[in-house]
Amino acid sequence: MAEARELTNAEFAEIAGFPLNGRDNAKLVKLGLVETDKSTRPFSHQLTDAGWSLARTLHETEPPKEGRSAIRTLFALMANVGRALDRLQISHGEFFKQTQGTVDAAPAGTAGPEDLEGAIRAAYAELANPPGAWVGLADVRDRLPDADRAAVDAVLRAMLSQPGVRVIPVANLKALQPRDRAAAVRIGGEDSHMMAIKSS
């Protein structure tokens, strides 16, 4: 969760001090919390949707009784992070995401990342009333009928590294219409449905 990306065992060991293998890895995979790619070495791991869901709520449980001070401190820290993210309406995936300096090239025959970002910003500007207001991604996508879906998703994720750009999930999922669900972009294991671009 803290890296919000796929980690090789070498990276995992460097960050955590130990690799994720053996029984620990097997248990997490069996529980459906981690997906491990064993097709190449070193093996790589990433959280599944169920893993993200558990990680987001882990701090709400009591720390293990045998846990030492470091474990209890971590639980206290994550509880405060959780409260702050709820208050700011930022998902864990957005908070922990890695800053992207570049965007994957768009498929042949589609607009490049810079063109797409300009189109997304123009669509948002037409919809936001007042400027900086939250706008549904479904409405933004309606104004980009010829844009490649994967390319738009990649540009939206990259835009999150820019000042004032936010893309978040809707808190009340029951209020979502089918078109809102279909237009969501996957960020950090969560579907996000709204965006805002506030002037810095």
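The values are calculated or read from the model by the stated rules, or taken from the named source; none is laboratory data. The structure presented is a predicted model; accordingly, all values stated were derived computationally and were not measured. Here the Cβ is made from the backbone with ideal geometry for all residues, glycine too, and neighbour counts use every protein chain on show. With ligands, DNA and RNA removed, areas are computed over all heavy atoms of the protein, side chains included. Shrake-Rupley method; radii C 1.70, N 1.55, O 1.52, S 1.80 Å.
Some points to look at:
- Checking each residue in segment 147-161 for being of a type in the set (A, V, I, L, M, F, W, C), in contact with a strand residue (DSSP E or B) (Cβ under 9 Å, 6 or more places away or on another chain) and farther than 18 Å from Arg181 by Cβ picks out Met159, Leu160.
- Among the helices (runs of 4 or more DSSP H) confined to segment 114-200, the ones with at least 1 residues that are without any contact (Cβ under 8 Å) to a residue 40 or more places away in the chain and hydrophobic (A, V, I, L, M, F, W, C) are located at 149-159.
- Residues of segment 36-71 classified as in a helix (DSSP H, G or I), in contact with a His (Cβ under 9 Å, 6 or more places away or on another chain) and within 21 Å of Ala13 (Cα to Cα), total: 2
- Residue count, segment 179-200 (criterion: closer than 13 Å to Pro163 by Cα and of a type in the set (D, E, K, R)): 1
- The residue of segment 61-100 that is least open to solvent (accessible area, probe 1.4 Å), among those that are among the basic types (Lys, Arg) and over 27 Å from Ala184 (Cα atoms), is Arg72.
- Output for segment 1-35, where each listed residue is touching a Ser or Thr at 6+ places or on another chain (Cβ under 8 Å), of a type in the set (Val, Ile, Thr) and not in a strand (DSSP E or B): Val29
- Extreme residue, farthest from Gly82 (Cα to Cα), among residues of segment 15-55 that are in contact (Cβ under 8 Å) with a residue 12 or more places away in the chain and acidic (Asp, Glu): Asp37
- Per-region count, segment 1-35, residues of a type in the set (Val, Ile, Thr) and either modelled with pLDDT under 90 or at positive phi (or both): 2
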